[in-house]
Amino acid sequence: FELIEFLKTFNPRIKERILEMTEILRQENEVLDLLIEEHFKDLAQKEGKGIYFDLRALKELPPAIRIRIMALAFRDLTGLDLSFRHRRAIELLINGKGGDVKLPKGFLASRQGEKVYIGERPESFEIQPKELQIPGITEIGPGVFIEATIITTSDEKPSPEVALLDLDKLTLPLKVRSPQEGDRFVPLGMSNKKKLQDFFVDLKVPRFLRKEIPIVLSGEEICWVGGFRVDERFRAKENTQRVLKLRLIKEKP
């Protein structure tokens, strides 16, 4: 009240001006909220206790819009608002200038490849070392399997979930385990070995998810980082006679 009286000495109608400005801001905020909700409906992909967003789509939006979308996601999940500190940290995360952001109530925001995730910290598992059944299906974790088949052509296109390997270059039996410190391999398309940890950092794979990534071994050498990339030394080529197809699946076929 004293401040208003003081400001009246400069502008007798200051109280009216403040009320007018407040009403203008309220109306503009209503329009902005509608815009945010529309973007949220278009971009949000709810899975379990979290929400995923396409990273490229977020980057195409103005910073003020995308950070309010993330705040809306957090409010949708928890009923809480994001603090300025957390909003700033998430903006850095989206732009590749920051790591995972710990949020209230055990939630977090993280980049997972070309996605941005906000939600509860997903439970992860460690893959216990075991031999792969070839041919056959091997369970490597809760609801996670690797299917192995031998084919005579490499015409089929590989993908992050499907590896096509030269069977004659492999040392059987193949084994699978979680990543270990010091792991190295030659990523597809490269000629030199690369630290697996550096590979994950380059792809911005969250640390808490790395232990459930299947590492398939031929002898002591990595031949496939499951869900990501095969080793250049073991890839199937056009003249490969026998191809081992490995497929990472999330539920039993």
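Some points to look at:
So that you can scan it fast, the table gives a plain yes or no per residue for (1) free of Cβ contacts under 8 Å to residues at least 60 places away in the same chain; (2) within 20 Å of ARG235 (Cα to Cα); (3) more than 24 Å from the chain's Cα centre (by Cα); (4) assigned by TED's automatic domain parsing to the domain that holds ILE222:
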| position | (1), (2), (3), (4) |
| --- | --- |
| GLU161 | no, yes, no, yes |
| SER178 | yes, no, no, yes |
| PRO187 | yes, yes, no, yes |
| LYS195 | yes, yes, no, yes |
| LYS204 | no, no, no, yes |
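- Applying the criterion of being aromatic (Phe, Trp, Tyr) and assigned to a helix (DSSP H, G or I) to the residues of the range 1-52, the residue that is nearest to GLY96 (Cα to Cα) is PHE40.
- Meets criteria (in contact with a strand residue (DSSP E or B) (Cβ under 6 Å, 6 or more places away or on another chain), surrounded by fewer than 19 Cβ atoms within 10 Å (Cβ to Cβ) and of a type in the set (Ser, Thr, Tyr)) for THR153: no
- Scan of the range 212-253 for residues that are charged (D, E, K, R), part of a strand (DSSP E or B) and under 23 Å from LYS195 (Cβ atoms), ordered by number: GLU221, ARG229, ASP231, ARG235
- Number of positions in the range 118-159 that are under 17 Å from ILE215 (Cα atoms), charged (D, E, K, R) and either at pLDDT 95 or above or over 20 Å from the mean Cα position of the chain (by Cα) (or both): 4
Yes/no matrix, rows are residues, columns are (1) closer than 21 Å to GLU251 by Cα; (2) of a type in the set (Phe, Trp, Tyr):
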position	(1), (2)
GLU147	yes, no
GLU156	no, no
LEU167	no, no
LYS175	yes, no
LYS193	no, no
GLN197	no, no
PHE200	no, yes
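- Looking across the range 183-209, just one residue is at pLDDT 95 or above, part of a loop (DSSP other than H, G, I, E, B) and over 23 Å from LEU244 (Cβ atoms), and that is ASN192.
- Only residues that are modelled with pLDDT of 95 or more and basic (Lys, Arg) were counted in the range 210-234, giving 2.
- Of the helices (runs of 4 or more DSSP H) that lie entirely inside the range 53-135, those containing 2 or more residues that are crowded, with 18+ Cβ neighbours inside 10 Å and free of Cβ contacts under 8 Å to residues at least 60 places away in the same chain span 63-78, 84-94.
The values are calculated or read from the model by the stated rules, or taken from the named source; none is laboratory data. Note that the structure is predicted; figures quoted are calculated from it, not measured. A quick note on method: Cβ atoms are made from the backbone with ideal geometry, for glycine too, and the neighbour counts reach across all protein chains shown.
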